[in-house]
Amino acid sequence: MLKFQNKIVVITGSGTGIGKAIAMKFAENGANIVILGRRKEPLEEAAKEIEQVISKVNSGSFVKIFSGVDVSDEEGVSKMFDDLKKSHGGVDIVVNNAGVSGPVTCFANSPISEFKSTVGIHLTGTFWTSSQAIKTMKPGSKIVTISTFFTEERPYEQRPYRFRSPYTASQGAKNRLAEAMSWELTDKGIISIATNPGPVHSDRIYKTVYPKAAAEFMRVSGFENITPEEVEIVNGDILPLLGEDEKIVKDGISKAAAKLAKLKSVSSESDIQNLEKTISALLTKIQQIAEKIQNNTSKMIADEQFLTQPQVAETVLMLSDDNIAQILNGKVIPGDRVFYPVKPHIACSIPETSPNFNAKVVLFAVDATDESDVVRTEFLAQKVESNGGKTVILISKTSPKIAEERLSKFHSHVMDLSDQESVKRMLNTATQKIGPISTVVYITGKVPQVGKFVDLSRKDWDGLVDKFINTPAIFLQESLNTFVPGGAKNPPLYKNKEGTMIVIGPDMPSGGKVTGGERARVEVFRGALRPFTTTVNQELSDVLKSKLRIYLVLPGSVDGTEPNNENIIKAVNYFTSGKSTSNAEVIYYPDETRT
C-alpha cells in the first residue's frame with residue numbers, strides 16, 4: 001500500500017511551482033489531491049500531470065480542482081471545505097503554500113493596498129484555510145505551513161529583507177501562527193508544523209523578486225538623466241523584457257523610450273534615441289544586479305545550492321509522516337540552512353539617558369485594548385511634557401471610553417487610525433498648529449483575550465490583523481511622509497533626514513500562570529513587527545542613507561513579569577537623544593533581565 005493511500009491532501013497555490021511539485025509528490029505516494037488557486041488554466045494543466053502520476057502508480061486516487069479560490073477570500077475557502085466535507089467526509093492534510101511576492105520596494109513607497117493584500121494572502125490565507133480545514137479534520141490530521149527563512153530568529157538577531165516589508169511581516173507572523181496552532185489543536189489531536197526551506201529554484205525568484213529588487217536599487221538613486229520617479233515608470237515597462245529574445249527587447253525599449261519622451265515632453269529624434277540608450281543601459285544594469293543578488297545569496301548556503309522544488313516537496317512529505325509529525329509538532333523546520341550575516345538587532349539593556357524634550361513635539365497614537373494601555377499613554381505623555389516637550393495624542397475610536405476621559409487633559413483627538421487619509425490630515429494639522437513633529441509613538445495595545453485563534457470568526461481575526469499589523473503600517477508610512485514630504489517618490493530626499501518613530505507593544509502576558517498558548521498567540525503579532533522593523537530600518541539606513549529610525553519596544557517578560565512603564569520611558573529617552581541611530585539595535589525588550 002502506498003504511504004498516503006486514501007488520504008485527502010489539500011495544497012493551496014498548487015497550479016504551478018512548489019505547490020504543484022508537492023501535489024505531484026503526494027500523488028506518487030497514493031494520496032487524493034485537492035488543488036486550488038486563482039487561475040483555472042494552470043490548475044487544469046497541473047491536474048493532467050497529476051492524473052498521469054496517479055495512473056502510473058495505480059493508486060485509484062482522484063484529483064479535484066477548485067479554481068478561482070483565493071486563500072484570502074473568506075467565502076471561497078469556506079465553501080471549498082464545506083464541499084469536501086459533504087463529498088469526501090473531510091481532509092487529512094493541508095499544505096499552506098499559497099503566496100505572492102508582494103510589492104518589492106521601500107516601505108515608504110509601498111502602496112498600503114498592496115501591503116494589506118500581501119498580508120491577506122500569506123497570513124490571513126494561512127489562518128482561514130487552517131481554521132476551516134480543522135472543521136473537517138479528525139485526530140492525526142496535519143497542517144503544514146510553508147514560510148521563509150528570512151523571518152526566523154536567533155536570540156539577538158532578526159533578519160531584514162530589504163524592499164519586502166509586507167512579505168516579512170506576514171511571513172514572520174505565519175511562523176508564529178503555526179506554533180500557536182500547535183498549542184490550540186492539542187485537544188483535537190491535529191498537528192501543526194511550519195517549514196522554511198530557504199532559497200528555492202523558481203520563476204518567482206528569477207523573473208520577479210531579484211529583478212524587482214535590482215530595479216528598486218536603481219529607482220532609489222535615479223539613473224543617468226532620468227529621475228527616480230521616471231525610473232519607476234520605466235521599470236514597469238522593461239522588467240517583463242528580461243529573458244526575452246533580442247527583437248522583443250529592442251521593441252520594448254523603443255516603446256518605453258517613446259512613453260518616457262512624452263512624459264518628459266521631448267520629441268526630437270536624437271533625444272528619443274538617447275533615451276533608448278539610457279533605458280537599454282538601465283535594463284542591463286538591472287540584470288547585472290539581479291545576478292549579483294542571486295550569486296550573493298548562494299554564497300550564504302554551505303553547498304551554494306538552492307533547493308529544487310521536488311526537494312521542498314520531499315520535505316513536506318516527510319513532515320506529513322505520522323511519526324515525524326508527532327515529534328516535530330509545533331516546530332519550524334529547518335531552523336536554518338542559510339548563513340545570513342546580520343548585525344545584532346535585538347537588545348534588552350537600555351543605556352541611561354537624560355530626558356531632553358525641550359520644545360520638541362511628540363505625537364502619540366494609541367489603539368488601547370484596556371485601561372492599562374491608557375495609563376501607559378498618560379504616563380509617557382506626562383513625562384514628555386514635564387521635561388519640556390509638547391504632546392499630541394491621537395486615540396483610536398475603538399479604544400475604551402476611558403481613553404478619551406483620561407487623556408482629555410492633553411491635546412487629544414479621537415479618530416479612525418486605520419484611515420490613511422485621516423492620519424495624513426491629522427499629522428499635517430499637528431505640524432502646522434503645534435510645530436514640526438520630532439517623534440511619533442504608536443501604542444498598539446495588548447492582544448485581547450479572545451480565546452483560541454482557530455475558533456475566531458473571520459471578522460474578529462481581521463480586526464486583530466488590522467490592529468497589530470496593517471494600522472501600525474499605515475501610521476508609520478504617513479509618519480515617514482511627514483518627516484520627508486515627497487520622499488516616497490524621490491528617495492534622495494531621505495539622505496541625512498532625522499526623525500524617530502517608536503512602536504510600543506503588544507505586551508507579553510503577565511502573571512504567575514501564563515500558558516504557552518497565551519504567549520504563542522501574542523508572539524504571532526510580535527513576530528510580524530520584528531522582521532518588519534528591521535527590514536524598514538535597513539532600507540532607511542543602508543539604502544536611503546537616512547537618520548530616521550523605527551524602534552520596536554516589546555514590554556513584559558517571558559517569566560510573566562508585569563511590564564514597567566518606567567523602563568519604556570527610559571527607552572523613549574534613549575531613542576530621542578539621537579545616540580541610538582549609530583547602533584544596529586532597533587528592537588528592545590525593556591523588562592527582560594538577560595544580558
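The values are calculated or read from the model by the stated rules, or taken from the named source; none is laboratory data. Everything numeric here is computed off the predicted structure, so don't read it as measured data. Virtual Cβ from ideal backbone geometry, glycine too; neighbours counted across all protein chains shown.
If the condition is being touching a residue at least 60 places away in the same chain (Cβ under 8 Å) and farther than 13 Å from Ala365 by Cα, then the stretch 414-430 contributes only Gln420. Is the stretch 395-405 home to any residue that is assigned to a strand (DSSP E or B), of a type outside the set (Phe, Trp, Tyr) and at pLDDT 95 or above? Yes, the stretch 395-405 contains a residue that is assigned to a strand (DSSP E or B), of a type outside the set (Phe, Trp, Tyr) and at pLDDT 95 or above.
Got at least one residue in the stretch 533-555 being farther than 18 Å from Thr168 by Cα, β-branched (Val, Ile, Thr) and out of contact with any helix residue (DSSP H, G or I) (no Cβ under 7 Å at 6 or more places or on another chain)? No; the residues of the stretch 533-555 include none that is farther than 18 Å from Thr168 by Cα, β-branched (Val, Ile, Thr) and out of contact with any helix residue (DSSP H, G or I) (no Cβ under 7 Å at 6 or more places or on another chain). Checked against (1) more than 30 Å from Ala108 (Cβ to Cβ); (2) among the hydroxyl-bearing types (Ser, Thr, Tyr); (3) buried (at least 24 other Cβ atoms within 10 Å of the Cβ), Thr593 passes all but condition (3).
All told, Ala381 falls short of being farther than 22 Å from Phe575 by Cβ, part of a helix (DSSP H, G or I), of a type in the set (Gly, Ala, Ser) and at pLDDT 95 or above. Of all residues in the stretch 469-520, those that are among the polar types (S, T, N, Q) and within 22 Å of the chain's Cα centre (by Cα) total 6. Taking interchain pairs and intrachain pairs at least six residues apart, which have beta carbon atoms under 7 angstrom, with the first residue in the stretch 242-254 and over 24 Å from Ser267 (Cα atoms) and the second of a type outside the set (A, V, I, L, M, F, W, C) and surrounded by 14 or more Cβ atoms within 10 Å (Cβ to Cβ)? Listed pairs, sorted by first residue: Leu242/Lys207; Leu242/Pro211; Leu242/Gln287; Gly243/Lys207.
Where residues in the stretch 250-274 are among the hydroxyl-bearing types (Ser, Thr, Tyr) and in a helix (DSSP H, G or I), which of them is nearest to the chain's Cα centre (by Cα)? Break it down stepwise before answering.
As a first pass, look at the stretch 250-274 and keep what is among the hydroxyl-bearing types (Ser, Thr, Tyr): 254, 265, 267-268, 270.
Narrowing the set further to residues that are in a helix (DSSP H, G or I) leaves 254, 270.
On the way: Ser254: 37, Ser270: 45 Å.
Among those that are among the hydroxyl-bearing types (Ser, Thr, Tyr) and in a helix (DSSP H, G or I), it is Ser254.
Per the conditions (1) among the hydroxyl-bearing types (Ser, Thr, Tyr); (2) touching a helix residue (DSSP H, G or I) at 6+ places or on another chain (Cβ under 8 Å); (3) closer than 30 Å to Phe525 by Cα, the sole criterion not satisfied by Thr186 is (2).
Being among the β-branched types (Val, Ile, Thr) and within 19 Å of Leu177 (Cα to Cα), is that true of even one residue in the stretch 465-479?
Step one: filter the stretch 465-479 for residues among the β-branched types (Val, Ile, Thr), giving 465, 469, 471, 474.
Of the ones still in play, those that are also within 19 Å of Leu177 (Cα to Cα) are 465, 469.
The answer is yes, given that some residue of the stretch 465-479 is among the β-branched types (Val, Ile, Thr) and within 19 Å of Leu177 (Cα to Cα).
So that you can scan it fast, the table gives a plain yes or no per residue for (1) over 27 Å from Pro341 (Cβ atoms); (2) surrounded by fewer than 15 Cβ atoms within 10 Å (Cβ to Cβ); (3) small (Gly, Ala, Ser):
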position: Pro492; (1), (2), (3): yes, yes, no
position: Gly512; (1), (2), (3): yes, yes, yes
position: Thr515; (1), (2), (3): yes, yes, no
position: Gly527; (1), (2), (3): no, no, yes
position: Thr534; (1), (2), (3): no, no, no
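Under the condition of being over 19 Å from the mean Cα position of the chain (by Cα) and either small (Gly, Ala, Ser) or in a loop (DSSP other than H, G, I, E, B) (or both), which residue from the stretch 89-129 is surrounded by the most Cβ atoms within 10 Å (Cβ to Cβ)?
Only one residue tops the list, namely Val91.
Among the residues of the stretch 404-443, those identified as in contact with an Asp or Glu (Cβ under 8 Å, 6 or more places away or on another chain) and of a type in the set (Lys, Arg) are Arg406, Lys424.
One residue stands out in the stretch 42-79 among those that are closer than 26 Å to Leu123 by Cα and free of Cβ contacts under 8 Å to residues at least 24 places away in the same chain: the one that is surrounded by the most Cβ atoms within 10 Å (Cβ to Cβ), namely Asp73.
Among the listed residues Ser422, Ser438, which satisfies the condition of being within 26 Å of Asp507 (Cβ to Cβ) and at pLDDT 95 or above? Within the list Ser422, Ser438, the selection yields Ser438.
Among the residues of the stretch 375-391, not one is surrounded by fewer than 19 Cβ atoms within 10 Å (Cβ to Cβ), closer than 14 Å to Ile443 by Cβ and among the acidic types (Asp, Glu).
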